[in-house]
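Report on the following structure.
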Amino acid sequence: QVQLVESGGGLVQPGGSLRLSCAASGSFFSINTMSWYRQAPGKQRELVAAITGGGRTNYTYSVKGRFTISRDNAKNTVYLQMNSLKPEDTAVYYCNARIATMTEDEHDYWGQGTQVTVSS
């Protein structure tokens, strides 16, 4: 019914940049808060950045000043611009969206995950 498709991951050198995209498709009434999580091997999944439907953003401390979350509501897409990447940013990044369908209240939906590797 609802699918989040992520793209943009890859291998970059420290100091490099990547832009992740996550597009929602399917049948839904509205998309509210969208966010990015990441999970490194052996570590818990953590919230990286979130953006509300009105554009309010928040970030985990470790990425402040380096990452920027944005969204294009016309495209049902959320982005994560990742600059000044560090090896510790290496993780699988997951898109999350709070989505209401025509028959259900808001639920969390997850993308499939995209690998980001920062290495020399």
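The values are calculated or read from the model by the stated rules, or taken from the named source; none is laboratory data. Just so it is clear, the model here is predicted, and its values are computed rather than measured. Cβ atoms come from the backbone with ideal geometry, glycine included; neighbour counts cover every protein chain shown. Surface areas here come from the heavy atoms of the whole protein model, side chains and all, with no ligands, DNA or RNA. Shrake-Rupley method; radii C 1.70, N 1.55, O 1.52, S 1.80 Å.
In table form, for the structure just shown:
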{"quantity": "Accessible area in square angstrom per residue, the chain, 1.4 angstrom probe", "calculated": "53"}
{"quantity": "Cα gyration tensor shape for region 77-120, rounded if a/c is under 1.5, else prolate or oblate", "calculated": "prolate"}
{"quantity": "Difference of contour (0.36 nm per residue) and Cα-Cα distance, residue 60 to residue 108", "calculated": "15.3 nm"}
{"quantity": "Highest to lowest packing among 92-101, 18-27, scored as the average C-beta count within 10 Å", "calculated": "92-101, 18-27"}
{"quantity": "Computed lengthening from residue 70 to residue 32, 0.36 nm per intervening residue step minus Cα-Cα distance", "calculated": "12.4 nm"}
{"quantity": "Most mobile of 42, 54, 16 in a GNM of the chain (Cα contacts under 10 Å)", "calculated": "42"}
{"quantity": "Portion, in percent, of the accessible area of the chain that falls on carbon or sulfur, probe 1.4 Å", "calculated": "46"}
{"quantity": "Dipole moment magnitude, nearest 20 debye, the chain about Cα centre, only Lys, Arg, Asp, Glu C-beta charged", "calculated": "400"}
{"quantity": "Base-10 log of normalised Debye intensity for region 39-86 (one unit scatterer per alpha-carbon) at q = 0.15, 0.25, 0.29 Å⁻¹", "calculated": "-0.45, -0.99, -1.14"}
{"quantity": "Signed unit charges on C-beta, dipole axis of the chain, positive-most listed residue 37, 12, 76", "calculated": "12"}
{"quantity": "Gyration tensor (alpha-carbon) shape descriptor, region 4-74, a/c threshold 1.5", "calculated": "prolate"}
